[in-house]
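Nothing in this text is a laboratory measurement; each read-out follows from the coordinates by a stated rule. Please read these numbers as outputs of a predicted model, since none were measured by experiment. Cβ atoms come from the backbone with ideal geometry, glycine included; neighbour counts cover every protein chain shown.
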Amino acid sequence: TQLLEQSPQFLSIQEGENLTVYCNSSSVFSSLQWYRQEPGEGPVLLVTVVTGGEVKKLKRLTFQFGDARKDSSLHITAAQPGDTGLYLCAGSGNTPLVFGKGTRLSVIA
Amino acid sequence: DSGVTQTPKHLITATGQRVTLRCSPRSGDLSVYWYQQSLDQGLQFLIQYYNGEERAKGNILERFSAQQFPDLHSELNLSSLELGDSALYFCASSLGGSGGYTFGSGTRLTVV
């Protein structure tokens, strides 16, 4: 069974701070996706990373896929209250997406 | 609006009852996935259908069943409900392959 461990589980920071959340597995994934989920809504896809070592930027968000395609990180620069939410990583292999339990981020103004 | 429609949004029912959750996928998507989300377990994959056929099965209980109809909408049937079945149930759709999923807003099931 492929498992994805996300850390930290909870993160509360002040507006303007930087943060990094992590997604780790002992399994290799063909691709890895990051989603953000807000209360009362389903997860929304932020990015897909496919190549080991790949780095993708989405405004203030930087996503990195590990060289061995077993781990990923999400870095947010100058966090804003609008970044508040549950960040989920999901791995794709031969089965439907496997999700981590998420990092719940709260950005305080 | 993500394009994936789930009904109902909320459902409260008693133990032992049976309910049906409905999902209409995004236009053009052939794959439908059902996930269960609880606070302690996170998003757990239940079952996938592709163009009407069952494609993959996850941690779906025998009391649960699903199907995808010719118009590609899908239904998840939950029977002999227990208190522990209370959770958010999400439907997602995709074109297939390794692309991202589009999720609906979910159905919050409360079993009392």
Which whole-number percent is the relative contact order of chain A (Cα, under 8 Å, 6+ apart)? 37
Rg to Rh, two decimals, where the protein assembly as shown supplies the alpha carbon set and Rh follows Kirkwood: 0.98
So which GluC sites (Glu not before Pro) in the stretch B:13-106 pass both tests, a DSSP loop state and at most 15 other Cβ atoms within 10 Å of the Cβ? B:E62, B:E82
Give, as a single signed number, the net charge of other residues whose beta carbon lies under 15 Å from the beta carbon of B:G104, with Lys and Arg counted +1 and Asp and Glu -1. -1
Given 4 °C, 1.567 mPa s and a Kirkwood radius over Cα pairs, the Stokes-Einstein diffusion coefficient of the stretch B:9-49 in µm²/s is 102
Report the trypsin sites (Lys or Arg not before Pro) located in the stretch B:9-79 that are in a DSSP loop and have at most 12 other Cβ atoms inside 10 Å of their Cβ, or state none. B:K9, B:R18
Taking the reciprocal of mean 1/r across every pair of different Cα atoms in chain B, the Kirkwood radius in Å is 13.9
What does the C-alpha gyration tensor say about the overall shape of the stretch A:39-94? Classify as rounded when a/c is under 1.5, otherwise prolate if a/b is larger than b/c, or oblate. oblate
Per-residue mean of C-beta atoms belonging to partner chains within 10 Å, peptide A:37-48: 5
Trypsin sites (Lys or Arg not before Pro) lying in DSSP loop within chain A, provided at most 12 other Cβ fall within 10 Å: A:K59
Just need the Rg to Rh number for the stretch A:14-109, please, alpha carbons only, Kirkwood Rh. 0.97
